[in-house]
Amino acid sequence: MRTPRFKAVSRFAVVFSCALILANVQSQAEPDAVALSPALVEAGSPVLIHVDAPATAKIEGDWMGRALEFFPARGGRGWYALAAVDIEAAVGPSTLRISVTVAKGAARDLSHTVEIHAAHYRTGSLTVEPKFMEPDPEELKRIEAEVEIKAKVYAASANEPLWEGNFRAPVTSAPTDSFGTRRMFNGKLASIHKGMDFRARMRTPVRAGNSGVVVLARGLYYEGNCVIIDHGLGLFTLSMHLSKINVREGQHVAKGALLGLSGATGRVTGPHLHWAVRWEGAYLDPAKLLRLNLIAAR
Ligand SMILES: [Zn+2]
């Protein structure tokens, strides 16, 4: 079931970070009850939070203005929540608030300080067709309409994990440009690169990074032919610039399912696959999601 994402205090404060400084945890009560993966987190990273608590427990938490949604571990012990640090998150200490209530007992406070570390950006430059730098009024209308469409797509997500185990790359070829690069388009600072580019000759099969529901499958101005998958709990992956789309909106897909063929549609300099990861309004480093061990957490 897709449910509205009402928990966000601010879409742009998404700055969910967490770098668990071991020293911090050890200096406080309940040292083993909360574990973060990865233990040291940079801006742009997904973070899996594990809380060691009985299945009957009620767990509440929030981090930098966002509520955490805990779900029971599969097979294993305790509870998990998915969180993340936006690529543009401020560095420094943050408070991860977690409280656990078992039966009718008093709440145990497992809150602690988490340090957010800076991500390391590179700078790159690109030349694209002028129409993508200064769209005309017709194009602007289209762009605005597509902003609305995307906002609706991101406003709801399944209320449980739809993913199965770890994520896989959408293509087998190597990535060519990393997440976080500051990009100059035609000499102007246009954006921070919020995805991962894979070398992909025209018509390379592009596959689902994990199971989920296709929530968008259509042509967009900048993204070109684009497929967005909802993996649940606010986590989405986006495949852009496709030459062909093989799925439809509303379709459930398994990990590895064929989404379409790579191409060069939208704002591109040539054929490639741009693959992006989004959680609660934050863009995350796909490489970090691919490294995240989700086996015990669905
Ligand atoms: Zn890209």
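The values are calculated or read from the model by the stated rules, or taken from the named source; none is laboratory data. All values reported here derive from a predicted model rather than from experimental measurement. In this analysis, Cβ positions are derived from the backbone assuming ideal geometry, glycine residues included, and neighbour counts consider all displayed protein chains.
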Is there a residue in the stretch 143-161 that is within 25 Å of Arg291 (Cβ to Cβ) and modelled with pLDDT under 85?
no
Given (1) under 18 Å from the mean Cα position of the chain (by Cα); (2) away from the ligand (no atom under 16 Å from the Cβ); (3) not in a helix (DSSP H, G or I), where does Val100 come up short, assuming only one miss?
(1)
Which one of the conditions (1) exposed (fewer than 12 other Cβ atoms within 10 Å of the Cβ); (2) assigned to a loop (DSSP other than H, G, I, E, B) does Glu164 fail to meet, given that it meets all the rest?
(1)
Taking the criterion of being at pLDDT 95 or above, crowded, with 22+ Cβ neighbours inside 10 Å and within 13 Å of the ligand (Cβ to nearest atom), would at least one residue in the stretch 200-222 satisfy it?
no
Are any of the residues in the stretch 65-73 of a type in the set (Gly, Ala, Ser), in contact with a strand residue (DSSP E or B) (Cβ under 7 Å, 6 or more places away or on another chain) and part of a loop (DSSP other than H, G, I, E, B)?
yes
One residue from Tyr121, Tyr80 being outside any strand (DSSP E or B) and either among the hydroxyl-bearing types (Ser, Thr, Tyr) or touching a Leu at 6+ places or on another chain (Cβ under 8 Å) (or both)
Tyr121
Please enumerate the residues belonging to the stretch 32-56 that are surrounded by fewer than 19 Cβ atoms within 10 Å (Cβ to Cβ) and in a loop (DSSP other than H, G, I, E, B).
Asp32, Ala33, Pro38, Ala39, Leu40, Asp52, Pro54, Ala55, Thr56
Selection over the stretch 259-296 where residues are part of a loop (DSSP other than H, G, I, E, B) and free of Cβ contacts under 8 Å to residues at least 60 places away in the same chain yields a count of 3
Pairs please, first residue from the stretch 174-188 and outside any loop (DSSP other than H, G, I, E, B), second anywhere and among the β-branched types (Val, Ile, Thr) and within 13 Å of the ligand (Cβ to nearest atom), Cβ atoms under 8 Å, 6+ apart in sequence or on different chains.
Arg182/Ile192; Arg183/Ile192; Phe185/Val128
Selection status of Ala90, exposed (fewer than 14 other Cβ atoms within 10 Å of the Cβ), within 30 Å of Thr176 (Cβ to Cβ) and not hydroxyl-bearing (Ser, Thr, Tyr):
no
Scanning the stretch 126-141 residue by residue, the ones that are surrounded by 13 or more Cβ atoms within 10 Å (Cβ to Cβ) and either without any contact (Cβ under 8 Å) to a residue 24 or more places away in the chain or away from the ligand (no atom under 16 Å from the Cβ) (or both) total 3
Give me a count of the residues in the stretch 273-285 that are at pLDDT below 95 and within 13 Å of the ligand (Cβ to nearest atom).
2
Identify the residue in the stretch 223-235 that is part of a strand (DSSP E or B) and at negative phi and, among all such residues, is nearest to the ligand (Cβ to nearest atom).
Cys226
Identify, please: which residue in the stretch 236-258 is part of a strand (DSSP E or B) and farther than 17 Å from His274 by Cα and is, among those, farthest from the ligand (Cβ to nearest atom)?
His252
Among the candidates Ala158, Ala73, which residue alone is among the small types (Gly, Ala, Ser), surrounded by 13 or more Cβ atoms within 10 Å (Cβ to Cβ) and under 20 Å from Ala53 (Cβ atoms)?
Ala73
Would you be able to say whether some residue in the stretch 169-191 is among the aliphatic types (A, V, I, L, M), within 16 Å of the ligand (Cβ to nearest atom) and within 30 Å of Arg74 (Cα to Cα)?
yes
